Amino acid sequence: MTTPHTSSSTTSAAALRRRRLSTAGFHAGAGALSLLWLLPIALVLVTSLRSFDDIAAHGLGSRPQSFTLGNFKQAWVDGGQQRALINSLAVTVPCVVVTLALAAMAAFALSRYEMPLRRSLLLLMLGGNLLPPQILLIPVSRLSELMGVYDTLPALIGVQVGFGVGFYVFVLHGFMRAIPAEIQQAAVVDGAGPWQIFRRIILPLTRPALAALSALSFTWIFNDLLWAITVLRSDSKMPITAALIGLQGQYVSMWNVIAAGSVIAAAPTVAVFLRFQRHFVAGLNLGAVK
Amino acid sequence: MTSPQTSRRRLLAGAGAAGTAALLGGCVTSTSSSSTTSSEGAVSLQSNLSAPQAKAAMQDLVAAYKKSKKKGSVDLNTVAAETFRTQLPTYLTSANPPDVYTWYPGSVADAYARKNLLLALDEVWTSPDLRRYSKALHTLCTSSSGKKVFVPTTYYWWGMFYRKSNFAKWGVSPPTDWDGFLDLCDKLKSKGVAPIGLGAGGNTAWVASAWFDYLDIRINGAPFHRELLAGKHRFDDPAVHKVFDRWKEVLPYFDPNGTAVAFQDATTALLNGRSGMMLIGTFFADAAPKDALDDIDFFRFPVIDPKIPLAEEAPTDGYFASARTGHREQVFDLLRYLAGAQAQEIYLKGSSGTALPCHPDAKDTGTPLVTKGRKHIEEAAEITQFFNRDSSDALQPTADAALTRFIAKPKEINSILTNWQRDAQKIWGA
Amino acid sequence: MAALTTVARKAPAPAPTPPRGRRAAGPRRTPPVVLAFVLVPLLAEALWVFWPALQGFYLALTSWDGISAPRFVGLGNFREMIHDDIFRTAALDTALWLLLFGGLSALLGLATALLLQQERRGVGFYRAALFLPVVFSLVATALVWQAIYQPDGVLNQLLQAAGLGSLRHAWLADQDTALYAVIVPALWRQIGYVMVLYLAGLKGIDPVLYEAAKVDGAGRWQRLRHITLPQLRGVNAVVLSVIVIDSLRSFDVVWSLTRGGPYHSSELLSTYMYSTAFQSLRLGYGSALAVVIFLMAFGVIASYLVRAFQEAD
């Protein structure tokens, strides 16, 4: 299957130039878009490098007239962000793992087997996500008190898992349904049980979806504020989002420290996203069936 | 999906529903009571003073308390002010509540006292320190059932703040009465300055309520104002109309961007000379750069009717305790300490220093501003707390909506007041 | 080769008989292990979500201030809602929000995913740039967008510099512009998220299809219309649910920028619910509003999904 190379030198040069132009055009377009998108974030960065007096004297939107790295230290130490970051990670990582594991299991069961009521179950689980979380706040805080886990990190993990699992089941269900049945049948014929089919075949095939969802759920859980405020009371247990708003005063807020705190808080989620986006490369591999 | 399965499901659903209904009423709304009393363990202090300086001052205070006692300690927990506000009902009604809380006296504390959620502090008020507090504070901290439920420690005041150097630059001086105030506004306007700054945009719409409060206590007197906020008068009362008629006189002098910027940005505008003066509390000094602090001064909101007894807004801060605390004696001890002069001085020194102590002997930070403020409050015959503290946090959003709409569309005042009354009715009737 | 992929969507069912009565487990009928696969997540969700949700629904039938005992009022809250002007404004704004925010985030999310789907040099950076707002804390986002929208903020300064000074507004304080002004930061945060979903979906499309189409002489637009979009149907269901969920729950950005103001001109059902429940302390009415939001979301999603399920099976 050779591509017919009916080229004289001029056509190939023209093709090369066209390719270069299209690459340049792509980079120009995507670059401009990215720049527009990053503008507000650049503003946050600039604010995090200014002193409080500078902002107080000239306003947030003004040209910076100071430069200091002290805000980061202040957010890290005084703002308790060091401990809060550890809390956040201690909550987010187990949450992501448990939620996606449970969701993958449920999606596998609902999509690959003719289970009765599977569609209703799917809708039911998704329905849990349709509730505005604000209205669940007080019942959940009471519930965690009843269970004796109020003001503990496991309560937060529990709530996040319970609240997130419905949506991920739905998404993974969509992906798993697209896997051809022949692969599964072949495995059954080979004598594999459901657990082995799940682990060895279906799970690897949904890797792009799992990668995307890991990045998203890490973000969601890490950036969550409402549940943290609801089930936690001590400032030593608060995750980083709550610690960040804790930097706001009753009347006056030090925006420069808060901006620095936001930059610190954004670092883990950005890192996770950059790490996982490489997994999007693996597409659905149908080679096994051929 | 066949009948035995469906009927079994229905039975389960029915049983579930019945059990649910039975439990629901109790579960979410239960206000269980704890009956443990211990003389050991730390007292938990839940604080909403989350500004870095205030937080550090609280930590100093707690450390000083620990040093002065041989045993017993305090667990300080600081959460963001907005979080604290939304979670306070949950804290107070939980089975294991924090012991002591920072909050405000008056109507907002009384609301919880009426539900028997606050510890009676009459024992604490027998201490020599608290007995010397002013009569006004005594009344403020007494609940409607006659028991003391609050211990006040600091207060601050509201006034028309301006920058001395700017006033000197424009050649104007503080007025003494309403007509003088209007003249001042005219002069400032002619110089291209927005005479009256306002920071009622963003999340600080409550700043506009200060104008309503002051005009009301100047025109109708503090008692009427308190009754109005407690629901004993209507917002479409002709007396309230008078407030807004007066306000319309000065409305042209307001900064046109007044409702578009938060008060921190309005402070910047004031200090830069883009606006002339602002009706604000002393906390605004926290938003000013340090080199401008000496340049800030204030004057009293101009008197409109000299026959009305002079009233000022001086919101008080302090502490109350949960009725369900398991550490009664330690709580009493802590509150007695906090009501003392030394504790208040420690706090004022560590925080921004623009507040005043409630203890008659405690020394304030001694700056000219604070000294003037002390005199300013002492000259007042009546003290009010501020809109939301005299009524409730629930009434504040109704005021925000009404007042921002009035500032934008003053001609619609009739419908604005009718709507305000309707919204307030829902809060009072709840 | 193309035949295989068209089969991919259907799960063939050479099943002997549908289950009757109890789940009599045959070898390929839902082994008990598989039931456990479903029950464990379901239990987790039931405990933390359904149980509090039932309590929330019960609260919608009461009048409660968060402290004293609730007072049963039956459908009184819903009756009040019908006569409530603010509710009507909020409902209209929410519908508008759903269309604008929802529609634009889907379109622009797909567009950016199509633009950035190829693995080439620098695409990782562009994707990260678009996703960054999603991970940025809300406090900083609100701060920055307020700075942008202020009367002397970045946006007005840019307009002035571009000679369009007459278009300057107090964007968040003017009742005519507040709602639309708030949609922009919300979109800014959402598009990266939708893009990631579509990227995963696009990655799942077999490249063989494209090659076959190219050999047949299909141009780029035709490939988009006849291959990409149909293959994305599964992802579209997900994206639709995401968008509906996020639109109806779109609370954070609006609340932190305008609190539903000025005087309710950017009020959404979610902000109205929050302010009634946590500011006015009328938790019964707030719960009733939450029930309305839930029913709206459920209605939109369920109708779409039921149709999608019927098509697929």
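The values are calculated or read from the model by the stated rules, or taken from the named source; none is laboratory data. Because the structure is predicted, anything quoted here is derived from the model rather than measured. Virtual Cβ from ideal backbone geometry, glycine too; neighbours counted across all protein chains shown.
Summary of computed values
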| read-out | value |
| --- | --- |
| Single residue of region B:198-216 satisfying the filter (touching a Lys or Arg at 6+ places or on another chain (Cβ under 9 Å), at pLDDT below 95 and buried (at least 20 other Cβ atoms within 10 Å of the Cβ)) that is farthest from B:Ala399 (Cα to Cα) | B:Gly202 |
| Qualifying helices (runs of 4 or more DSSP H) (wholly inside region C:214-301; at least 1 residues being among the polar types (S, T, N, Q) and within 13 Å of chain A (Cβ to nearest Cβ)) | C:233-249, C:252-258, C:269-274 |
| Residue in region C:163-182 that is under 29 Å from the mean Cα position of the chain (by Cα), more than 14 Å from chain B (Cβ to nearest Cβ) and either modelled with pLDDT of 85 or more or crowded, with 23+ Cβ neighbours inside 10 Å (or both) present | yes |
| Residues located in region A:150-185, provided they are without any contact (Cβ under 8 Å) to a residue 12 or more places away in the chain and either more than 9 Å from chain C (Cβ to nearest Cβ) or among the charged types (D, E, K, R) (or both) | A:Pro154 |
| Some residue of region B:274-297 being in contact (Cβ under 8 Å) with a residue 12 or more places away in the chain, more than 13 Å from chain A (Cβ to nearest Cβ) and part of a loop (DSSP other than H, G, I, E, B) | no |
| All positions within region A:38-54 that are part of a helix (DSSP H, G or I) and either basic (Lys, Arg) or more than 18 Å from B:Thr268 (Cβ to Cβ) (or both) | A:Leu38, A:Leu39, A:Pro40, A:Ile41, A:Ala42, A:Val44, A:Leu45, A:Ser48 |
| All positions within region A:154-192 that are of a type in the set (A, V, I, L, M) and under 28 Å from A:Leu216 (Cα atoms) | A:Ala155, A:Leu156, A:Ile157, A:Val159, A:Val161, A:Val165, A:Val169, A:Val171, A:Leu172, A:Met176, A:Ala178, A:Ile179 |
| Matching option when the condition is of a type in the set (D, E, K, R) and part of a strand (DSSP E or B), among B:Glu249, B:Glu312, B:Glu227 | B:Glu312 |
| Residue in region C:298-313 that is of a type in the set (A, V, I, L, M) and touching a Pro at 6+ places or on another chain (Cβ under 7 Å) present | no |
| Condition met for B:Arg422 (without any contact (Cβ under 8 Å) to a residue 24 or more places away in the chain and more than 22 Å from B:Asn203 (Cα to Cα)) | yes |
| Per-region count, region A:119-129, residues more than 7 Å from every other protein chain (Cβ to nearest Cβ) and surrounded by fewer than 19 Cβ atoms within 10 Å (Cβ to Cβ) | 2 |
| A:Pro133 surrounded by fewer than 24 Cβ atoms within 10 Å (Cβ to Cβ), within 21 Å of the chain's Cα centre (by Cα) and facing chain C (nearest Cβ under 9 Å) | yes |
| Residues that are over 18 Å from C:Arg189 (Cβ atoms) and not aliphatic (A, V, I, L, M), drawn from region C:119-156 | C:Glu119, C:Arg120, C:Arg121, C:Gly122, C:Gly124, C:Phe125, C:Gln150, C:Pro151, C:Asp152, C:Gly153, C:Asn156 |
| Options B:Ala394, B:Ala399; residue that is facing another protein chain (nearest Cβ under 9 Å) and either modelled with pLDDT of 90 or more or closer than 24 Å to B:Val261 by Cα (or both) | B:Ala394 |
| Whichever residue in region A:232-276 is under 22 Å from the mean Cα position of the chain (by Cα), facing another protein chain (nearest Cβ under 8 Å) and farther than 17 Å from A:Phe72 by Cβ and, among such residues, is surrounded by the fewest Cβ atoms within 10 Å (Cβ to Cβ) | A:Leu274 |
| Helices (runs of 4 or more DSSP H) fully within region A:64-182 counting 3 or more residues that are within 30 Å of A:Ala259 (Cβ to Cβ) | A:70-77, A:81-112, A:133-146, A:153-177 |
| Breaking point among (1) surrounded by 19 or more Cβ atoms within 10 Å (Cβ to Cβ); (2) within 22 Å of the chain's Cα centre (by Cα), for B:Pro223 | (1) |
| Residue match in region C:112-124 (condition: surrounded by fewer than 19 Cβ atoms within 10 Å (Cβ to Cβ) and within 22 Å of C:Val253 (Cα to Cα)) | no |
| Residues (out of contact with any helix residue (DSSP H, G or I) (no Cβ under 6 Å at 6 or more places or on another chain) and either buried (at least 21 other Cβ atoms within 10 Å of the Cβ) or without any contact (Cβ under 8 Å) to a residue 40 or more places away in the chain (or both)) located in region B:60-78 | B:Val62, B:Ala63, B:Lys66, B:Lys67, B:Lys70, B:Lys71, B:Asp75, B:Asn77 |
| Residue ID - nearest to A:Leu60 (Cα to Cα), chosen from residues in region C:139-161 that are surrounded by 17 or more Cβ atoms within 10 Å (Cβ to Cβ) and more than 7 Å from chain A (Cβ to nearest Cβ) | C:Gln146 |
| Helices (runs of 4 or more DSSP H) enclosed by region B:323-430 - at least 1 residues per element that are hydroxyl-bearing (Ser, Thr, Tyr) and outside the structural domain of B:Glu249 (by TED's automatic domain parsing) | B:328-338, B:341-350, B:368-378 |
